[in-house]
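Okay, structure first, notes after.
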Amino acid sequence: LPAGLSQWFPALEVLDVSGTGLTELGAELLALPHLRSLLAKNNRLGGPGSLPKGLGEAPLGRSLRVLNLSGNRFAEVPPALLELRGLQSLSLGGNRLHGIPSDIQELRSLEFLYLGGNFITSIPPELANLPSLSYLVLCDNKIQSIPPQLAQLHSLRSLSLHNNLLTYLPREILNLVHLEELSLRGNPLVVRFVRDLTYNPPSLQELAGRTIKTRNVAYAPSDLPENLVRYLSLASNCPNPKCGGVYFDSCVRQIKFVDFCGKYRIPLMHYLCSPECSSPCSSASQSSTSQSESDSEDEASVAARRMQKVLLG
Amino acid sequence: MEQPVQTETWKAQSLEELIRILHRVFAEDKVSVEEVQALMESYESNPEEWLQYAKFDQYRYTRNLVDKGNGKFNLMILCWGEGHGSSIHDHTDSHCFMKILQGNLKETLFGWPEKKGNGEMTKKSERVLRENQCAYINDSIGLHRVENISHTETAVSLHLYSPPFDSCNTFDQRTGHKHKVKMTFYSEFGERTN
């Protein structure tokens, strides 16, 4: 960047230095008090010192809204970047990132995050702490699983996950009610149930616990040893709406295919109290495609007898 | 559409001229696919001429109506952000021409799913279309997915559909199941619709 930039153009709001071969963005940036948008894609940024020190203290730290560093050589998200508290839109597409730092949650104003085309293998749950995130792009990476916490991104409207290494999604993903776009193609999503039985029957303690809960057998803390009182309080409700049952440790992990947003049939991981239960899959009942509905039922009946081997890591 | 008796080669010097020639071509009883494809390829993309129609959306690709072709065709401009792509879709028995105005688009061709099949759809071929190239597809050729695979550049394409249609089927690649969708315009004649 030319020295004296801020003297010549003190009112500069948008700076586009894309495709100029830059290896670093210098301290000249720090003196631009009104810079809102910085586009520096397709350069040679990525080494140490690519971004100037002191970004957080500079006016930039509050004024910058848009930062596009796509098509560079970043192997990690530069920590300096996380000081840009006012940032609404960040693109690091087409770099060499292997992960996302948990401190990404510092970018409290972030609405748009593009990380497609990197080498990312996992997603930190802290990503879910971005309250305004509405567009999240993670396509063309090496992601193997999605943390269920991502379902807390209530503002999320578009989620791009295509071309990764996902085999299933967490059931909580159904909670993203504002989601309008979801791309999942090019993932090795489980297509059918693995014909493998691995269901450990419940212990006697569990069976007793289940009976107490479902039959509403009255008990007072003085009736039982403390550890059992605690145990009884940990009962989880079986999500099957037709089953009022509960389970403790012994649950069935089942992959169920759900019509999501009326467009996609995706495998979700469910926990059920017994092999005879079937999961609710509320979306499936509102599915507009009758074909996929009957398929879900076929698969459910198969699942009733044959359980998915645990795919959870 | 059938082969005409005489093949004329037009070169459109501007977008306006392209539209004028298209109107004349489609006024005839017989229209040639090759002629329309060559005509669309002949127009050298000039952003000044179409920038008014190129309205991008953050979340997904947009369809922006340019001309209604006297009811014979719809001409529209599609704007693709980085990573934006379409689902696998058919073309409701119409002809579809797609010309790249800016950037690149990847087109993946699929075969029609088996009637009673419940399996993955078969990818037949894929290619990356470059600026000013024009592709053609119809239902007898197959289905396709179009995507901007660039993580750094946007893409803009010019589409002609004849006869015009406002709904089509999208297909789930893993199962072949189809789902009818209504298609809407993000803008018409340069004005944002609601």
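If you go through the stretch A:83-103 and keep only what is surrounded by fewer than 18 Cβ atoms within 10 Å (Cβ to Cβ) and part of a helix (DSSP H, G or I), you end up with A:S102, A:D103.
Restricting attention to the stretch B:136-162, the residues that are touching a strand residue (DSSP E or B) at 6+ places or on another chain (Cβ under 6 Å) and without any contact (Cβ under 8 Å) to a residue 40 or more places away in the chain total 1. Within the stretch A:117-131, the set of residues being under 14 Å from the mean Cα position of the chain (by Cα) and either surrounded by fewer than 23 Cβ atoms within 10 Å (Cβ to Cβ) or not β-branched (V, I, T) (or both) comprises A:I120, A:T121, A:S122, A:P124, A:P125, A:E126, A:L127, A:A128, A:N129, A:L130, A:P131. How many residues are charged (D, E, K, R) and surrounded by 12 or more Cβ atoms within 10 Å (Cβ to Cβ) if we restrict to the stretch A:199-237? Matching residues across the stretch A:199-237 total 3. The single residue among A:Q149, A:Q144 that is surrounded by fewer than 19 Cβ atoms within 10 Å (Cβ to Cβ) and either under 15 Å from A:G186 (Cα atoms) or within 12 Å of chain B (Cβ to nearest Cβ) (or both) turns out to be A:Q144.
Residues that are over 9 Å from the mean Cα position of the chain (by Cα), over 20 Å from A:E181 (Cβ atoms) and touching a residue at least 40 places away in the same chain (Cβ under 8 Å) within the stretch A:132-162 comprise just one, A:Q144.
Within the stretch B:70-90, can you find the residues that are away from every other protein chain (no Cβ under 14 Å), in contact (Cβ under 8 Å) with a residue 60 or more places away in the chain and surrounded by fewer than 20 Cβ atoms within 10 Å (Cβ to Cβ)? Listed by number, the residues that qualify are B:G71, B:K72.
In the stretch B:134-194, counting only strands (runs of 3 or more DSSP E) that sit wholly within it, the ones holding 1 or more residues that are within 12 Å of another protein chain (Cβ to nearest Cβ) span B:143-147, B:167-171, B:178-182. Scanning the stretch B:118-133 for residues that are in a loop (DSSP other than H, G, I, E, B), without any contact (Cβ under 8 Å) to a residue 60 or more places away in the chain and away from chain A (no Cβ under 11 Å) yields a count of 2. Screening the candidates A:R85, A:R96, A:R62, A:R108 for the property of being under 20 Å from A:S18 (Cβ atoms) and either more than 14 Å from chain B (Cβ to nearest Cβ) or not small (G, A, S) (or both) yields one hit, A:R96. Residues that are assigned to a loop (DSSP other than H, G, I, E, B), more than 14 Å from B:E188 (Cβ to Cβ) and at pLDDT 95 or above within the stretch B:25-71 comprise B:Y43, B:E44, B:S45, B:N46, B:F56, listed in sequence order.
Of the set (1) of a type in the set (S, T, Y); (2) more than 14 Å from chain B (Cβ to nearest Cβ); (3) closer than 26 Å to B:E147 by Cβ, all apply to A:S70 but (2). On the stretch given as the stretch B:37-69, residues that are away from chain A (no Cβ under 14 Å), over 12 Å from the mean Cα position of the chain (by Cα) and closer than 18 Å to B:K106 by Cα total 1.
The values are calculated or read from the model by the stated rules, or taken from the named source; none is laboratory data. What you see is a predicted model, and the numbers here were worked out from it, not measured in a lab. FYI the Cβ positions are ideal-geometry reconstructions off the backbone, even for glycines, and counts take in every protein chain you see.
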